[in-house]
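> Sending over a structure as structure tokens; questions will come in a sec.
Just so it is clear, none of the values below were taken in a lab; they were calculated from the coordinates. What you see is a predicted model, and the numbers here were worked out from it, not measured in a lab. Cβ coordinates were reconstructed from backbone atoms using ideal geometry, including for glycine residues, and neighbour counts include every protein chain displayed.
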Amino acid sequence: MVKFGKFITKHKLFILILGVLLIIPSMIGMIKTRVNYDVLSYLPDSLETVSGQDIMVDEFGMGAFSMVIVENMDNKDVVALKEKLEKVDHVEKIIWYDSVADISLPTDMLPSELKEALFNGDATMMIALFDNTTSSEDTMQAVTDMRNLVKDQAFISGMSGIVTDIKNLVQAELPVYIVIAGILALIVLLITMESIVTPVLFLLCIGLAILYNMGTNIFLGQISYITQALTAVLQLGVTMDYSIFLLESYQANKVRFDNDKERAMAHAISNTFKSVVGSSITTVAGFAALCFMTFALGRDLGIVMAKGVIIGVIVCITLLPSLILFFDKWIDKTTHRAIFPNFHKSSAFITKHRIIPLLIFAVLFVPAFYGNNHVKVYYNLDQGLPQDLDSAIANKKLEEKFNMNNMHILLLKNGLSSKEKNDMKNEIEKVDGVKWVLGMNSIVGANVPDDMVPDKYKDMLKSDNWELQFICSDYKTATDQVNAQIASINDIVKKYSKDSMVIGEAPLTKDLQDVTDIDLATVNYLSIGAIFLIILLTFKSISLPVILVSVIEFAIFLNMSFPYYSGIELPFVASIVIGTIQLGATVDYAILMTTRYHKERVVNQKTKKEAVEIAHKTSMKSIIISGLSFFAVTFGVSAYSSIDMINAICTLLSRGAVISTISVILILPAMLYLFDKVICKTTWDMRKINY
């Protein structure tokens, strides 16, 4: 690697120019990459609820719908408003009173189900059907155009409205996330570094690495808004260590090679590559474990973040050395006395009183484990959004005026007789929480044969293969009541037609809950197994992986127990990804200290007490700087974000960085000392040590 280092130092100007030129394709790639704001779209295609969405598009030319609530408006004015809305691009059709009868017909003469569905006091409801899926750009633009058109005259509810509001929020907040994370990272670096220039160079290089990562996402086609919002923050927090290690190695080698800067940097690159590759593998493994989730959002985040870590390593050993050499004089000119302490006295105190951390570990482990396993999560996607959003106001209005929390869609396979459809409808209406079922029978009557139904009704609710029915539910999405209701409706539907299906937001969310419950266990086991194996191969030891993973898993348990004991519900994504990310990102702290302990025991033949003390004293400052950097960039975003999905993940990560740092500094040295004999017996090159 020294030859590679010499190549980099020799061609530093070329590398700097190349780094600048890569900004152009990266910007183009980032702009061209579509952002997906619909979490439910990441469910596997094999699910019936997902395939039903495709059938809606293929058979009826529509994939999403919204309820439009209008208050205090005459029927003729409602008709005029409806005609305006139908002219909005990508609004396929709007179903209302005049879709089935002339508005001159008194509403009291309408079928009871139709009247109950569309009217309540001074309010009426229309169902807007879109020609594309819930999260498509076309549908979101249509919702925006409809809102601009109706202004205060009507309220537009439904999943498409929620997705549109998420998009607007993310686009408004994302630049602020990056600015906050950058400023807080700069403050930490200015405090911990001994030059004013190096923090700027670090942030410049990491910023370019983030840009390259975001630009290469174009090969994925699209990324989720969660991935987009977290990538910069996580990549900044996770890869900062690599830059610090390079600078420290460069400064040490400048002394070693009598201020021969290029030679010093060549060796620094070599040293950094060896250390950083080993460190980054555990982080990449943690993110890669997310790729095995059935829920494809995990794969989305896992690929982008693993790619970001790899790009961060490449930039650290190519672009950053070139920048440091180019600005070396400025670094020297702005060097000042160290502000950050070396913590040698604190280290001596901690290693001397090592029994106390072990007692704390023993006392806290069981309640932390219990809290981690019993933390409550929620799946309702609008629960974690500000309640003053247009979609939240509209959904409240829908509940207030029509006592309606959900609309399921029944995709009924053609082939049933009018009597069978009517019998099925009657059974569904008896299910707890079902207000009404609206379909062809509600309009033309149960006894009218299909071949006598007017074409205008068939065009509205029937295709060559399928028929649509709408089911109104009193229950909110992601509750036990609505999940039981969906199961009961499905049983009834399958009894009459095994190919028919119930789809919509609530059925999709029920499937989301079932899928992610399995994913949580799978991802945790895979990440622990992968990192255990990496540590085992690195140290050729059976005991060290157990000790290191146990320390970080304890930190994760403690982190996750906070929301349990404080009564806070977490968004489901946070509970799945936090363990994997915290393990992959912070196990490096434990590896750093253990590597030095191992070296002191094997190479320098120190006693276990001396080895632990030296390892702790030499690594404590680096671990604190790493943990502080990770905490700063994630805490700033958690304090600002109004989207709970992002806020909760960043809160857990910032707290997790602190807890992992404290656990490694306090508990790991005590573990290494206590289990030194076991470590020596179960580690390949420590077997002959006289313990």
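> Extension gain ILE24-LYS333, at 0.36 nm per residue separation less the Cα-Cα distance, in nm?
Length difference between fully extended and current span is 108.0 nm.
> What percent of all Cα-Cα pairs in the stretch 259-342 falls into each 5 Å bin, going from 0 up to the bin containing the maximum distance?
3, 12, 16, 15, 14, 14, 10, 7, 5, 2, 1
> Give a quick list of trypsin sites (Lys or Arg not before Pro) in the stretch 281-359 that DSSP marks as loop, anything other than H, G, I, E or B, with at most 11 other Cβ atoms within 10 Å.
ARG337
> May I ask for the net charge around VAL434, where only other residues with Cβ less than 13 Å from the Cβ of VAL434 are counted and Lys, Arg are +1 while Asp, Glu are -1?
In short, -3.
> With each label point set 7 Å from Cα along the Cα-Cβ vector, what nm distance links GLN141 and SER417?
With each label placed 7 Å out from Cα toward Cβ, I get 4.9 nm.
> Can you name the helices of the chain, as whole DSSP H runs, whose Cα span along the helix axis is 18 Å or more and whose Kyte-Doolittle mean is not below 1.6?
159-192, 197-216, 297-326, 644-674
> Given the Cα-Cα distance of ASN168 and GLU71 and 0.36 nm per residue of separation, how much length would full extension add, in nm?
In short, 32.3 nm is gained.
> P(r) tail for the stretch 132-189, what percent of Cα pairs lie past 18 Å?
In whole percent, the long-distance tail amounts to 49.
> Determine, from the Cβ-Cβ distance of HIS374 and ASN403 and an R0 of 35 Å, the FRET efficiency 1/(1 + (r/R0)^6), rounded to the nearest 0.05.
Between HIS374 and ASN403 the formula returns 0.55.
> Highest mean first, how do 497-504, 529-536 rank when packing is the count of other Cβ atoms within 10 Å averaged over residues?
497-504, 529-536
> Where does the chain land at 222 nm, in deg cm²/dmol rounded to the nearest 500, when only DSSP H runs of n ≥ 4 count, each adding -39500 (n - 2.57), divided by all residues?
-23000 deg cm²/dmol
> Measure out, as a whole number of angstrom, how far apart the alpha-carbon centroids of the stretch 636-651 and the stretch 487-530 sit.
27 Å
> Could you give the size of the charge dipole of the chain about its Cα centre, using +1 on the Cβ of each K and R and -1 on the Cβ of each D and E, expressed in debye and rounded to the nearest 20?
That gives the chain a dipole magnitude of about 5260 debye.
> Using R₀ = 22 Å, calculate the FRET efficiency as 1/(1 + (r/R₀)^6) where r is the Cβ-Cβ separation of ASP258 and PHE4; round to 0.05.
0.45
> Same structure, new question: Using the Cα gyration tensor of the stretch 536-598, with a ≥ b ≥ c the square roots of its eigenvalues, what is the shape: rounded (a/c below 1.5), prolate (a/b larger than b/c) or oblate (neither)?
Cα axes put the stretch 536-598 in the prolate bin.
> For GLU248 and PHE14 in the same chain, what is the full-extension length gain: residue separation times 0.36 nm, less their Cα-Cα distance, in nm?
That works out to 81.8 nm of additional length.
> I need the semi-axes of the equivalent ellipsoid of the stretch 143-277: take the C-alpha gyration tensor, multiply each eigenvalue by 5, square-root it, list largest first in whole angstrom.
Each semi-axis is the square root of five times an eigenvalue, giving 45, 16, 10 Å.
> Let me ask another. Compute from the Cα atoms of the stretch 553-691 the Rg and the Dmax, the latter being the longest Cα-Cα distance, and quote both in angstrom.
Final numbers for Rg and Dmax: 17.7, 58 Å.
> Here's another thing I want to ask about it. Relative contact order of the stretch 181-241: what whole-number percent is it, with Cα pairs under 8 angstrom and at least 6 residues apart?
36 percent
> I want to check the label-to-label distance for PHE349 and SER46. Put each point 7 Å from Cα in the C-beta direction and report it in nm to one decimal.
Rounded to a tenth, the inter-label distance reads 5.7 nm.
> In a shell of Cβ-Cβ distance under 14 Å around ASP474, excluding ASP474 itself, what net charge do Lys and Arg (+1) and Asp and Glu (-1) give?
Local net charge: -2.
> Classify the stretch 491-579 as rounded, prolate or oblate, taking a ≥ b ≥ c as the square roots of the eigenvalues of its Cα gyration tensor: rounded when a/c is under 1.5, otherwise prolate if a/b is larger than b/c and oblate if not.
Oblate.
> Could you tell me which of the pairs LYS3/LYS254; LYS115/LYS421; LYS421/LYS510; LYS307/LYS681; LYS93/LYS397 are separated by over 27 angstrom between their Cα atoms in the structure shown?
LYS307/LYS681
> Could I ask something else about it? Can you give me the distance in nm between label points at GLU86 and ASP685, each placed 7 Å from the Cα along the Cα-to-Cβ direction?
7.9 nm
> Right, another one. With the cut-off at 1.5 for a/c, could you classify the stretch 291-380 from its C-alpha gyration tensor as rounded, prolate or oblate?
oblate
> Semi-axes, largest first, in whole Å: what does sqrt of 5 times each Cα gyration tensor eigenvalue give for the chain?
58, 28, 20
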